[in-house]
1. For the stretch 77-125, how many residues are in contact with a Pro (Cβ under 9 Å, 6 or more places away or on another chain) and acidic (Asp, Glu)?
2. Can you name the number of the only condition in (1) over 19 Å from Glu131 (Cβ atoms); (2) touching a Phe, Trp or Tyr at 6+ places or on another chain (Cβ under 8 Å); (3) surrounded by fewer than 17 Cβ atoms within 10 Å (Cβ to Cβ); (4) touching a residue at least 24 places away in the same chain (Cβ under 8 Å) that Ser49 fails?
3. Does Gly169 fit the bill of being open to solvent by 80 Å² or more (accessible area, probe 1.4 Å), part of a loop (DSSP other than H, G, I, E, B) and small (Gly, Ala, Ser)?
4. Could you give every pair whose Cβ atoms fall below 6 Å, whose first residue belongs to the stretch 9-29 and is closer than 14 Å to Gln122 by Cα and free of Cβ contacts under 8 Å to residues at least 12 places away in the same chain, and whose second residue is open to solvent by less than 50 Å² (accessible area, probe 1.4 Å) and assigned to a loop (DSSP other than H, G, I, E, B), counting only separations of at least 6 or pairs across chains?
5. Only residues in the stretch 168-194 that are of a type in the set (Lys, Arg) count as the first member; pair them with residues that are open to solvent by less than 90 Å² (accessible area, probe 1.4 Å) and part of a helix (DSSP H, G or I), Cβ under 9 angstrom, at least 6 apart or cross-chain, and list the lot.
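The values are calculated or read from the model by the stated rules, or taken from the named source; none is laboratory data. Note that this is a predicted model, so its numbers are computed, not measured. Here the Cβ is made from the backbone with ideal geometry for all residues, glycine too, and neighbour counts use every protein chain on show. Areas reflect the complete protein model, heavy atoms only, side chains present, ligands, DNA and RNA absent. Shrake-Rupley method; radii C 1.70, N 1.55, O 1.52, S 1.80 Å.
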Amino acid sequence: GPEANILEPSPACARQIELDSPIITNAQLEQLRYLGESEGPWRKNGFKSLTLSMVYCVADGARGLESALSDLCHQASAAISSGYEVVILSDRDLGPEMAPIPALLAVAAVHHHLIVEGTRTQVGLIVESGEPREVHHFALLLGYGAAAVNPYLAFETIQHMIDVRLVTGVDLQCALKNYVEAINKGIIKVISKMGISTTQGYCGAQIFEAIG
């Protein structure tokens, strides 16, 4: 959610939704997706979320990607102006005619667009993508502005592996829990090398090099 001015402590600084992990399940994502549309406790606190599609028409090629990326940034700005405090960037609408904007490109573009506008701290960004699956994928998304990531394709892959008995001895819930815990440990290892102790301190930090 939005971040208040930490240099002027007030109750508004604590007005955020706390997640146990930056890797969220499909069920947790749906809870966040319907903020403002349910009778749950989050609605009472005034949180509202909006899902923006990060796909573009394959037939339009590179120009279509550029146009879709620009449109995504403007949609995020419009969402903030309309009072939304959580924006979900999703590639669920992909198909034979619609390709996903690379998740890292999308979140980084929106992140920097909102910084230039001076509205970045007014919204939390969540990524719903089939791309991320390895530790570094998640580290990059967090480092470039995502507050949480839902790797739905990784979850579906785990379910398929259990269904065809490539993985045995664990049920689906246990397997998903093990995967999330493994990714969390990997992220902690990555950020600890930079002397960072929390994912909140890593979000948007962009501490990456092409070499080394």
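1. Matching residues across the stretch 77-125 total 3.
2. (3)
3. Judged against the criteria, Gly169 is a match.
4. Between residues of the stretch 9-29 that are closer than 14 Å to Gln122 by Cα and free of Cβ contacts under 8 Å to residues at least 12 places away in the same chain and residues that are open to solvent by less than 50 Å² (accessible area, probe 1.4 Å) and assigned to a loop (DSSP other than H, G, I, E, B), the close pairs are Ala12/Ala4; Cys13/Ala4.
5. That search, which allows pairs on different chains as well, returns Lys185/Val135; Lys189/Val135.
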